[in-house]
1. Going by the structure shown, is Glu47 among the charged types (D, E, K, R) and outside the structural domain of Arg411 (by TED's automatic domain parsing)?
2. Quick check: anything in segment 200-221 part of a loop (DSSP other than H, G, I, E, B), buried (at least 24 other Cβ atoms within 10 Å of the Cβ) and in contact with an Asp or Glu (Cβ under 9 Å, 6 or more places away or on another chain)?
3. Can we say Glu202 is without any contact (Cβ under 8 Å) to a residue 24 or more places away in the chain, more than 20 Å from the chain's Cα centre (by Cα) and within 30 Å of Phe21 (Cα to Cα)?
4. List every residue pair whose Cβ atoms lie under 8 Å apart, where the two residues are 6 or more positions apart in sequence or sit on different chains, the first residue falls within segment 142-159 and is farther than 19 Å from Val229 by Cβ and of a type in the set (Val, Ile, Thr), and the second residue, located anywhere, is away from the ligand (no atom under 13 Å from the Cβ) and part of a helix (DSSP H, G or I).
5. If Val380 passes every condition in (1) under 24 Å from the mean Cα position of the chain (by Cα); (2) crowded, with 20+ Cβ neighbours inside 10 Å but one, which one does it miss?
6. Quick one: Leu99 ticks every box in (1) in contact with a Gly (Cβ under 8 Å, 6 or more places away or on another chain); (2) of a type in the set (A, V, I, L, M, F, W, C); (3) more than 14 Å from the ligand (Cβ to nearest atom) bar one, so which box is it?
7. If you check Leu334, Leu352, which single one turns out to be at pLDDT 95 or above, crowded, with 19+ Cβ neighbours inside 10 Å and not assigned by TED's automatic domain parsing to the domain that holds Gly51?
Amino acid sequence: MLTNSLIEMDRQHLIHPVSSFKGHEARGVRVLASAKGARVTDAEGRELIDGFAGLWCVNAGYGHESIVEAAAEQMRKLPYATGYFDLGAEAPIKLAAKLAERAPGDLNHIYFSLGGSDAVDSTIRFVRYYWHSKGQPNRDQFISVEQGYHGSTTMGAGLTALGGFHEGFGVPYSWQHKISSHYTYRNPLKTDAEIIEASVNELKAKVEAIGPEKVAAFYLEPIQGSGGVLVPPKGWVKAMRDVCKELEILFIADEVITGFGRTGPLFACEDEGIVPDLMTTAKGLTSGYVPMGAVFMSDHVYETIAEGAGAKAVGHGFTYSAHPVSAAVALEVLSLYEGGLLENGRKVGARLMEGLKGLSDHPLVGDVRGRGMLAAIELVVDKENKTPLPASVQPATRLFDRAWEKGLIVRSFAQGIFGYAPPLCCTEEEIDMIVARTKAVLDETLEDADVRAALKG
Ligand code: PLP
């Protein structure tokens, strides 16, 4: 059978991202064959609702002919144009202008990458160049947030604060520092104001400890994604932005997940009316149809770098920066967002939250959180003590598989969190199916012997 031979080829040759090599060999691949809207079909013909939009990226949903046409037309006309040697092409120029127009404040300058990791990596290089240009080359220390994810390049993985990206890889570097996450559900501080104040004070103390004249920048995600969909208290992002201004360090918002309608507006920074010095995006920019990321740079960062470099080239760039096919796709994707998808996402996002909140009484649901079309439920066996599921459950496989059997793809985090990031095109009926299938997974999990034993205990 075709599927069996694919599984065998995959086992022998394809290295999967962030996977246990041995675990994957044992489990084998599930082959996805086609998709339309919010639904994917596997090679055996099973239809599933994609509650995670691929990897929180297919924001527009699958199967838009207009996106396919935009890519095909660009490929026919001009499949590649370098940005080196002062050359360019129409699509990336138009896209940069459009993004600058839609971005918060004076984020008027766009550098295109191939995805999120190299967008983050690019900001590290630009930030260093910025401080060098200002005559402060010793400002080379970077701060990010525990539970944060900023990609998997060597430098970005050091800003990332998830152990699996560090162990065995020799990161983080000594110039990469962290402050605690807000993680409200497990934060011993109870009120929003207390949590915000503690984070502000911790950042100030960290900068003081490193040496205020050495700190270059602070990175955050408006909502922490890969750390478990951790939503900060309202006002937290703004407070962190303000304190960076006070400390005179650059503030970088990593909107790789939250950008392009995921939380409601085009960018999550708009939720709190803030303008970062730099912003990173990817994923929803092209809705995952082709790879692309973008660094948004504010006027003052751009002008400082331009001044600093003078006639010299700023030595940073990739062969595929500002790829015309990706740019043509992004332009079409943007017009779909603005042509109704953002609005639909806001509408069905509210329904998703309402539906998941409706599961709060379930014995296994400790917390329900989210904003827009980004949500999570955190599973526990003891609500009062917030005791996680027993280790034997291995949610990343057992609960993922169970959801799959019920026709639902969710991100099943190892610590017992279900993450949701459905395409913005979902219908209300599909949202209800996501919630109903989740409930079916939880009900069945309640019957597992190890879960029942832990619940009783
Ligand atoms: N930054 C954030 C906040 C992310 O969530 C991710 C990926 O999930 C990245 C950076 C890295 O993006 P990519 O996987 O496209 O390299």
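1. Values: among the charged types (D, E, K, R): yes; outside the structural domain of Arg411 (by TED's automatic domain parsing): no.
No, not satisfied.
2. Restricting attention to segment 200-221, the residues satisfying the condition of being part of a loop (DSSP other than H, G, I, E, B) are 211, 221.
Now narrow it down to the ones that are buried (at least 24 other Cβ atoms within 10 Å of the Cβ): 221.
Filter again for in contact with an Asp or Glu (Cβ under 9 Å, 6 or more places away or on another chain), leaving 221.
There is at least one residue in segment 200-221 that is part of a loop (DSSP other than H, G, I, E, B), buried (at least 24 other Cβ atoms within 10 Å of the Cβ) and in contact with an Asp or Glu (Cβ under 9 Å, 6 or more places away or on another chain).
3. Taking the combined requirement at face value, the residue does not satisfy it.
4. Pairs that qualify, where the first residue is farther than 19 Å from Val229 by Cβ and of a type in the set (Val, Ile, Thr) and the partner is away from the ligand (no atom under 13 Å from the Cβ) and part of a helix (DSSP H, G or I), are Ile143/Leu203; Ile143/Lys206; Ile143/Val207; Ile143/Ile210.
5. Every condition holds for Val380 apart from (1).
6. Among (1) in contact with a Gly (Cβ under 8 Å, 6 or more places away or on another chain); (2) of a type in the set (A, V, I, L, M, F, W, C); (3) more than 14 Å from the ligand (Cβ to nearest atom), the lone unmet condition for Leu99 is (1).
7. None of the others qualify; the one that does is Leu334.
Here is a yes/no grid of residues against (1) farther than 28 Å from Lys36 by Cα; (2) surrounded by fewer than 22 Cβ atoms within 10 Å (Cβ to Cβ); (3) without any contact (Cβ under 8 Å) to a residue 12 or more places away in the chain; (4) more than 16 Å from the ligand (Cβ to nearest atom):
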position	(1), (2), (3), (4)
Trp56	no, no, no, no
Asn59	no, no, no, no
Gly63	no, yes, no, yes
Met75	no, yes, no, yes
Gly88	yes, yes, no, yes
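The values are calculated or read from the model by the stated rules, or taken from the named source; none is laboratory data. Please read these numbers as outputs of a predicted model, since none were measured by experiment. Here the Cβ is made from the backbone with ideal geometry for all residues, glycine too, and neighbour counts use every protein chain on show.
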